[in-house]
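Engineer: Okay, handing you the structure first.
The values are calculated or read from the model by the stated rules, or taken from the named source; none is laboratory data. What you see is a predicted model, and the numbers here were worked out from it, not measured in a lab. Heads up, the Cβs are rebuilt from the backbone with ideal geometry, glycines too, and the neighbour counts pull from every protein chain shown. Heads up: the accessible areas ignore ligands, DNA and RNA and are worked out on the full protein's heavy atoms, side chains in. Shrake-Rupley method; radii C 1.70, N 1.55, O 1.52, S 1.80 Å.
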Amino acid sequence: MTAMKKKVMAVARGGIGAAVALLAMSAGGAQALDPGYRAPDAEHTLVIDTTKGRIVVELSPLLAPESTERLITLTRQHFYDGLTFHRVIEDFMDQTGDPKGDGTGGSTLPDVKAEFKIRRGPDFPFAVAARPTGSLIGFVGALPVESQVDALFPMSKDGKVDLWPQFCQGVVGMAHSYDPNSNNSQFFLMRGANASLDKGYTAVGVVIQGQDVVRKIKIGEPPVDPDKMTKVQVLADMPAADRPKLEIMDTSAPQFQTVLDAVRKDKGADFSVCDVTIPVKDLNAPAPAAPAATPATDAKAKK
């Protein structure tokens, strides 16, 4: 059994929150988290420094184990350092990861098969956000997903139902050619939601910090003087002093219900999972400056 598969099994048994907490403790020591928050999965989080700023992506080994392993492997080979964003479409996505820079290249590793959807059972760690007619929407970790309803469990041969990611803003997908089983090194980051990609592309992760940077990447097919990934690292491999220190709200925690209630109030009962923004705390961010002192006034002098 591969190390990746063992980790996926650990997540399935203990849930996303338990597995992430364990990985965070092993990677950087125990840390006190605010109630309802968790540390990113350091072993499966990419820190992407670009010419426009930093993007942090948490990958999903539970939903896309082979694609996750591919991105981690290539990152540790420094394959992505210096590669351009060769295809960037406004309100759609930023595509990168091609050593040729024209959309036709890849790594020397074999292609990875499509991971468009999975079969989930009753114990699968899926945080339901809403129950529109005929389906469920919610999150697996921070990744937005949709699923068939639980009522179909006893009607299926394996006692499971389909679950698939939603290509909302911030979701990271694997690029492929006309062959859906041709995932290799190229990936894209969603600038906006696009449901036409659902169940047709592998969603491998989600941006947990730096979505503003995603939208700053220079547009073009290809762009003139394109932006680049200057350096890509696995969070767990970075020196502790250099790591971005983030806490992300745990979608399986009761505190997340407050976020959902606010979205429901604003958007109505039929809100989209893409309407939900998961809170993230940046512990490296400087504290807000104290307001400037106002000079005291002499009440008697004003009379």
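Engineer: Net charge near residue 106, counting Lys/Arg +1 and Asp/Glu -1 over other residues with Cβ under 14 Å of its Cβ?
Structural biologist: Surrounding charge for residue 106 is -2.
Engineer: Going by a ≥ b ≥ c, the root eigenvalues of the Cα gyration tensor, does segment 141-196 fall in the rounded group (a/c under 1.5), the prolate group (a/b larger than b/c) or the oblate group?
Structural biologist: It is oblate, given that a/c is not under 1.5 and a/b is not larger than b/c.
Engineer: What size of dipole, in debye to the nearest 20, comes out for segment 109-188 about its Cα centre when the only charges are +1 on Lys and Arg C-beta atoms and -1 on Asp and Glu C-beta atoms?
Structural biologist: Using Cβ point charges on Lys, Arg, Asp and Glu, segment 109-188 gives about 140 debye.
Engineer: Projecting each Cα onto the charge dipole of the chain (Lys/Arg +1, Asp/Glu -1 at the beta carbon, about the Cα centre), which of 80, 95, 153 comes out farthest on the positive side?
Structural biologist: Value: 153.
Engineer: Nothing charged except the Cβ atoms of Lys and Arg (+1) and of Asp and Glu (-1): what's the magnitude of the dipole of segment 29-120 about its Cα centre? Round to the nearest 20 debye.
Structural biologist: Taking the Cα centre of segment 29-120 as origin, the dipole is about 240 debye.
Engineer: For the chain, give the magnitude of the charge dipole about the Cα centre (Cβ charges: +1 Lys/Arg, -1 Asp/Glu; no others), in debye to the nearest 20.
Structural biologist: So the dipole magnitude of the chain works out to roughly 600 debye.
Engineer: Still on this model: Could you please put 70, 191 in sequence from largest to smallest accessible area, using a 1.4 Å probe?
Structural biologist: From most accessible down to least: 70, 191.
Engineer: Write out the trypsin sites (Lys or Arg not before Pro) in segment 92-154 meeting two conditions: DSSP loop, and at most 15 other Cβ atoms within 10 Å of their Cβ.
Structural biologist: In loop regions of segment 92-154 (DSSP not H, G, I, E or B), the sparsely surrounded trypsin sites (Lys or Arg not before Pro) are 100, 113.
Engineer: What number comes out for the charge environment of residue 249, summing +1 per Lys or Arg and -1 per Asp or Glu over other residues with Cβ under 14 Å away?
Structural biologist: -4
Engineer: Can you send over the solvent-accessible area of residue 212, 1.4 Å probe, protein chains only, in Å² to the nearest 10?
Structural biologist: Rounded to the nearest 10, that gives 90 Å².
Engineer: Something else about it: Any chance you could look up the accessible area of residue 216 with a 1.4 Å probe, heavy atoms only, rounded to 10 Å²?
Structural biologist: 110
Engineer: If you don't mind, there's one more thing I want to ask. Quick one: Karplus J couplings for segment 260-276, per residue in order, coefficients 6.51, -1.76, 1.60, θ = phi - 60°, nearest Hz, x for Gly and Pro?
Structural biologist: Computed from phi, the couplings for segment 260-276 are 5, 4, 5, 5, 4, 5, 7, 9, x, 5, 9, 5, 8, 4, 6, 7, 9 Hz.
Engineer: Determine the sum of side-chain charges near residue 227: Lys and Arg each +1, Asp and Glu each -1, restricted to other residues whose C-beta is under 10 angstrom from that of residue 227. Before the final figure, lay out the partial values.
Structural biologist: Values: positive: 52, 216, 218, 228; negative: 94, 225.
Residues near residue 227 contribute +2 overall.
Engineer: Only helical DSSP H runs with n ≥ 4 go in: add -39500 (n - 2.57) per run for the chain, normalise by residue count and round the 222 nm mean residue ellipticity to 500 deg cm²/dmol.
Structural biologist: -5500 deg cm²/dmol
Engineer: Residue by residue, what Karplus-based ³J(HN,Hα) values in Hz, rounded to whole numbers, does segment 201-214 have, using 6.51, -1.76 and 1.60 with θ = phi - 60° and x for Gly and Pro?
Structural biologist: Values per residue, Gly and Pro as x: 9, 7, 8, 9, x, 8, 6, 9, 7, x, 4, 5, 5, 3 Hz.
Engineer: Over the heavy atoms of residue 267, what accessible area does a 1.4 Å probe trace out, to the nearest 10 Å²?
Structural biologist: It works out to around 120 Å².
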